[in-house]
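Worksheet: one structure, shown below.
The values are calculated or read from the model by the stated rules, or taken from the named source; none is laboratory data. Since we're looking at a predicted model, the values are computed, not measured. Here Cβ is always computed from backbone atoms with ideal geometry, including for glycine, and neighbour counts include all displayed protein chains. Heads up: the accessible areas ignore ligands, DNA and RNA and are worked out on the full protein's heavy atoms, side chains in. Shrake-Rupley method; radii C 1.70, N 1.55, O 1.52, S 1.80 Å.
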Amino acid sequence: MRKFGLVKIGEKKWFLSNKYIENGDKIYSFEIRPDDTWIVTYPRSGTTVMQELVWLVANDMNFDEAQRRTLMDRFPYIDMETFHGNMQDSHIISTTISNEEKKNINKYTIKFVQNQLSPRFIKSHMPFNLLPTVVNSDCKIIYVARNPKDVVVSWYNFQKNHKFVQYRGTFEQFCNNFMNDHVDYSPYWEHVKEAWAMRHKTNLLFLFYEDLIKDLPGIIKKVAVFFGKTYSDEQIAKLVEHLKIENFRKNPMVNYPDFKSTIEPKEFIRKGKVNDWEEVFTSKIEEKFNKWIADNLKDTDLTFPN
């Protein structure tokens with residue numbers, strides 16, 4: 001069950017909040033600046049940790065500012081009015097969140113993102129198919145992909161515990177919805193394959209979440225090269241420590257402090273693990289997922305790190 005409606009958009013039938021009808025064109029035709037940096041992901045693919053990593057690498061490891069300003073201010077989510085736009089509904093917000101949070105809902109608009117000082121850092125879960133001005137620009141784009149088995153576990157927990165979504169079905173039902181493209185921002189495979197097809201563009205860096213977990217220093221160095229930056233081993237080690245899941249989860253600046261009533265920090269930044277699905281999947285779900293994955297990888301050379 002959902003507290004708001006979902007619609008299918010475009011030829012690929014992207015499954016989005018009905019608020020996209022009202023606000024989506026502002027993102028579709030968003031005016032890009034050459035020095036923008038965009039992080040684009042399917043939800044629950046390591047977006048937040050990558051935002052913090054990229055912002056610090058691009059901003060000369062300015063930890064002082066990162067500890068004073070929320071990630072939402074430094075690296076805003078342009079989809080807010082399309083995904084969370086339903087939080088404007090008075091019958092929901094009047095009984096659930098504080099006046100301060102209501103102000104923040106009104107603050108983080110597409111116009112707020114547009115008016116950021118350059119260089120802007122922008123996060124989106126929209127597929128590239130719905131971001132033509134980004135795709136056709138020379139701005140920097142980072143795309144992060146994650147094994148769909150771990151994505152579905154994290155996405156289920158997020159939607160189950162988010163007060164403005166409150167998915168009430170079973171995990172198995174959610175998995176079926178995910179595989180049938182009836183979960184927000186689906187179809188998952190179209191989302192990832194669009195980015196994979198663009199991975200050779202010089203202004204796009206395609207990364208896997210699994211590599212981020214396996215070799216965080218290596219990913220930091222790769223991102224540094226992408227931004228034309230050079231850092232010492234000591235600086236990289238400091239960023240690695242900053243991004244470790246046990247430290248990251250406790251960092252109030254990345255835990256959406258402006259929206260404390262919507263989701264618990266422990267649910268927003270969860271385990272940060274690879275293969276977490278093994279603790280959740282039944283043999284029946286695993287069998288279905290394996291077939292679904294195999295069917296969708298037949299027409300591509302996309303492979304996820306083991």
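Quick notes on this structure:
- Boolean, residue 64 is crowded, with 17+ Cβ neighbours inside 10 Å, farther than 27 Å from residue 167 by Cβ and either of a type outside the set (D, E, K, R) or at pLDDT 95 or above (or both): no
- One residue stands out among those in the range 175-213 that are part of a loop (DSSP other than H, G, I, E, B) and among the hydroxyl-bearing types (Ser, Thr, Tyr): the one that is farthest from residue 126 (Cα to Cα), which is 202.
- Per the conditions (1) within 30 Å of residue 133 (Cβ to Cβ); (2) surrounded by fewer than 17 Cβ atoms within 10 Å (Cβ to Cβ), the sole criterion not satisfied by residue 170 is (1).
- Selection of the range 182-198 for residues being among the charged types (D, E, K, R) and open to solvent by less than 10 Å² (accessible area, probe 1.4 Å) yields only 184.
- Selection count where residues are in contact (Cβ under 8 Å) with a residue 60 or more places away in the chain and within 25 Å of residue 212 (Cα to Cα), scope the range 13-62: 26
- Residue match in the range 237-257 (condition: modelled with pLDDT under 90 and hydroxyl-bearing (Ser, Thr, Tyr)): yes
- Consider the range 19-54 and keep the residues that are assigned to a loop (DSSP other than H, G, I, E, B) and open to solvent by less than 60 Å² (accessible area, probe 1.4 Å). The one that is nearest to residue 192 (Cα to Cα) is 42.
- Pair list, Cβ under 9 Å, 6 or more apart: the range 139-165 residue of a type in the set (A, V, I, L, M) and in a loop (DSSP other than H, G, I, E, B), other residue at pLDDT 90 or above and open to solvent by less than 10 Å² (accessible area, probe 1.4 Å): 165/184
- Residue, nearest to residue 175 (Cα to Cα), within the range 275-302, restricted to residues that are touching a Lys or Arg at 6+ places or on another chain (Cβ under 7 Å) and in a helix (DSSP H, G or I): 289
- Condition check for residue 263: modelled with pLDDT under 65 and among the hydrophobic types (A, V, I, L, M, F, W, C): yes
- Flag if residue 65 is without any contact (Cβ under 8 Å) to a residue 12 or more places away in the chain, touching a helix residue (DSSP H, G or I) at 6+ places or on another chain (Cβ under 9 Å) and in a helix (DSSP H, G or I): yes
- Enumeration of residues in the range 164-195 that are of a type in the set (Asp, Glu) and on the phi < 0 side of the Ramachandran plot: 172, 184, 190, 194
- Within the range 207-230, residues that are closer than 11 Å to residue 54 by Cα reach partners that are open to solvent by 20 Å² or more (accessible area, probe 1.4 Å) and of a type in the set (Lys, Arg) with beta carbons closer than 9 Å, at six or more positions or on different chains, in the pairs 223/229; 226/140; 227/140.
- Within the range 160-199, the set of residues being small (Gly, Ala, Ser) and at pLDDT 95 or above comprises 186, 195, 197.
- Considering the conditions (1) open to solvent by 70 Å² or more (accessible area, probe 1.4 Å); (2) modelled with pLDDT under 95; (3) in a loop (DSSP other than H, G, I, E, B), residue 305 is excluded by exactly one of them, (1).
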